[in-house]
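Okay, so here's the structure we're looking at.
The values are calculated or read from the model by the stated rules, or taken from the named source; none is laboratory data. Given the structure is predicted, the values throughout are model-derived calculations rather than measurements. All Cβ positions, even for glycine, are placed from backbone atoms using ideal geometry, and neighbour counts span all protein chains on display. All accessible areas refer to the heavy atoms of the entire protein, side chains included, with ligands and DNA or RNA removed. Shrake-Rupley method; radii C 1.70, N 1.55, O 1.52, S 1.80 Å.
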Amino acid sequence: MRYTQPLSDQVLIFISSIGPGILIGFLYDVIFSFFRTFGNKKTLTITSDLLFSLAASLLSFFYMVIYNSGTVRLNIVIAQLIGAVAFHYTLGRYLSKPVEFIAKILTKLIKAIAFPFKLIFKKSAGYADKLWDKIKVRCRREEKTETEKKKIINILKIHLKK
């Protein structure tokens, strides 16, 4: 069993590790463009960060398993980082505008699809609120009648004792 790889293999793995780094950079730009389009909400930030971290770590993990038999080496991580940063500062600048445009179109499409459901939920929520108010009123009436019954029973008990 060999614990070290020849330098030529390490150089080839280093150079080929730039490819997944470029893919990670592309993924970052796409997620960030969607994030910028949808707004700066706390839950959206957390969700997009988790999705990016999960996707980037899975991509890196599977690359290392396939091409380096699962051995994590710092030079692979550095090469992926170089690929991601290089993509972000070269093609990423030109890619962000079309991705934001696509994100805006998808946002409008999702809103158009969700609009009928939104109306249905609003109407049903309005009916549910009215029904809930009626139930509250009935419960209050019943509570009042219960307290009145108790008062009457107490009065009768007092009079019967005398």
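Among Phe38, Phe61, the sequence by solvent-accessible area, most first, with a 1.4 Å probe is Phe61, Phe38.
In whole percent, and with a 1.4 Å probe on the protein chains, what portion of the accessible area of the stretch 1-132 is carbon and sulfur? After summing per-atom areas, the C and S share lands at 75 percent. Under 5 Å from the amide H of Gln5 lies no amide H of any residue 5 or more positions distant or on a separate chain, with H modelled from the backbone and absent for Pro and chain starts. Surface exposure of the stretch 24-71, expressed per residue as accessible area with a 1.4 Å probe, stands at 65 Å². Spatially close Lys pairs in the stretch 1-130, defined by Cα atoms under 19 Å apart and a spacing of eight or more places or different chains, total 9.
Rounded to the nearest 10 square angstrom, Lys97 shows an accessible area of 150 square angstrom against a 1.4 Å probe. Peptide packing: for 67-73, 99-105, 115-121, 14-20, the average count of neighbouring Cβ atoms within 10 Å per residue gives the ranking 14-20, 99-105, 67-73, 115-121, highest mean first.
For the stretch 87-123 and the stretch 11-61, what is the centre-to-centre distance using only Cα atoms, to the nearest Å? The stretch 87-123 and the stretch 11-61 have Cα centres spaced 18 Å from each other.
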